[in-house]
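No lab work stands behind these numbers, since they all come straight from the coordinates. Owing to the predicted nature of the structure, the values given are computational and were not obtained by experimental measurement. With ideal geometry, Cβ positions are generated from the backbone for all residues, glycine too; neighbour counts draw on all protein chains shown.
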Amino acid sequence: MTSSFPHIPKAERKKILLICDDIRVHSGVATVAKEIVLGTCHHFNWVNLAGAIKHPEKGKRFDLSQSINGLIGIDDSNVMVIPTDGYGNPQILRDLLREHKPDALMLITDPRYFTWVFQMESEIRKQCPITYLNIWDDYPAPMYNRPFYEACDLLMGISKQTVNINRLVLDEVADNKLLRYVPHGLNENIYKPVDVNDQNLVNFKKQILNNRPSDFTLFFNSRNIRRKQIPDALMAFRIFLDSLPEEKANRCHFILHTEPSSDHGTDLVACVEYMFGGKYPNNVIFSTRKYPNHELNLLYNCADAQILLTSNEGWGLTLTESLLVGNPIIANVTGGMQDQMRFVDADGKWFTPSTEIPSNHRGTFKEHGEWAFPVYPTSRSIQGSVPTPYIFDDRCKFEDAAEQIKAIYDLSPEERKAKGLKGREWALSDEAGFTTRHQADRVIDAFNTLFDTWQGKEKFDLINATKFTGRHLNHAIIY
């Protein structure tokens, strides 16, 4: 679905060089990038320097224009994919800048993957602006990211928290940058409610649950990595089952759509055997198949609620998918997941982080969308590494998550769906706008503003080295 901005003939469009994951694959970054390209290719031309760890198609080029034309109903899209190992290198980028003469460079994913790009910023910004669809999981505001943010002309923050972090880190330089809120958007005609009596859904659910009768199904869909806190979600589900009579507990299931074992996470099979094997051997189901979108939508529609207890989460795309399907969400109150729960501030407005209240992870505000069943962190510890010296790790209690599972279970199926559909209604609204069209509108508006105002970088910078006194904490910690 293209944006509401007008169609521009191909020869008159601005061209954007996009460096990120290959838009043809199924990573979170690639999914978002693809939706942006599909939503804006009537207004911009795109070249995707398409990254992968060891890309099997490195050195080739693919013109996706004809296939995209068929998807979105135009006849003159101009989209090229150029596969590369990693995200490229300085020489590849110089060659592409010379060949394609893009009007802007756009980056998506963690800034440390693009250190080499930011080191070239003076060279690049003499030719075109650098733009960055960026995200940061948590506070304290990462002053170690300042050189990356300073190298950009347009910073599009995926979460409200990220926009606030961009502003805090840039400090006095923020006035010279274009900062915009561009939350993730997905196609609401792919992720949508399906009638419970639809035969395809009935058959799919029987297959997933191995023909077991079920009154309540919890769903997790994400990677098996440590910060996703999957064992905590499992323990919460075990506590929930123990709160029910045995015959009712046996009619509740937890579907884990993830890798059963991963070096980046844990051995979930061992966790399930230990936590459930003696008493509830059939209540946890692993789903490992990579489904096409229409079947993934059926998988979401098999569930009564989505759970995500991540201790660091920039956005949580599976929550967006769940909202569009019309399911309630159980989530840790951290990062961009807060946006999707629509907390209400003291003025009755959708909460926007500030210097005084940079996050709601302390539970400052308790009113939220009725589709949301938040779990507030009870522990915040400072974690870090050499490249990222400090960041909060927000941990919630699995006992609290169990209470929220039970709260959704205690609703009738009709009440659950009504709350979930309220979430879909809001996600489709202009306020939230978690759709492809809204995302595309925000991207186009941001780029058009940039193109109207951008001036090439000067040949040299004057820096007052005596003025610098260090970068220090500049937002509240207790609030």
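Tabulated data
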| quantity | calculated |
| --- | --- |
| Degrees separating the helix 230-242 axis from the principal Cα axis of the chain, which is the longest one | 20 |
| Positive-pole candidate from I477, Y132, F216, dipole of the chain, charges at beta carbon | Y132 |
| DSSP-defined beta bridges in the chain - what % are antiparallel, rounded to 5 | 15 |
| On Cα atoms only, tilt of 28-40 relative to the major axis of the chain in degrees | 60 |
| Rg ratio (alpha-carbon, reference 2.2 N^0.38 Å) - segment 226-324 | 1.10 |
| Estimated dipole of the chain in Debye, rounded to 20 [Cβ of Lys and Arg +1, of Asp and Glu -1, Cα centre] | 760 |
| Lys, Arg +1 and Asp, Glu -1 on Cβ, resulting dipole of segment 199-428 about Cα centre, debye, nearest 20 | 400 |
| Of M235, G456, N297, farthest towards positive along the dipole that unit charges on Lys, Arg, Asp, Glu beta carbons give the chain | G456 |
| DSSP beta bridge pairing in segment 199-428, given as percent antiparallel to the nearest 5 | 25 |
| All-pairs alpha carbon distance profile, segment 1-113, 5 Å steps from 0, percent | 2, 12, 23, 26, 20, 11, 5, 1 |
| Average projection area in nm² (convex hull over Cα atoms of segment 334-440, one quarter of hull surface) | 9.0 |
| Gyration tensor verdict on segment 136-251 (Cα atoms; rounded if a/c is under 1.5, prolate if a/b is larger than b/c, oblate otherwise) | prolate |
| Rg/Rh ratio calculated on Cα atoms of the chain (Kirkwood radius) | 0.97 |
| Shape metrics for segment 199-428, restricted to C-alpha atoms - Rg then Dmax, Å | 17.4, 54 |
| Degrees between helix 436-453 axis and first principal axis of the chain (Cα, 0 to 90, nearest 10) | 20 |
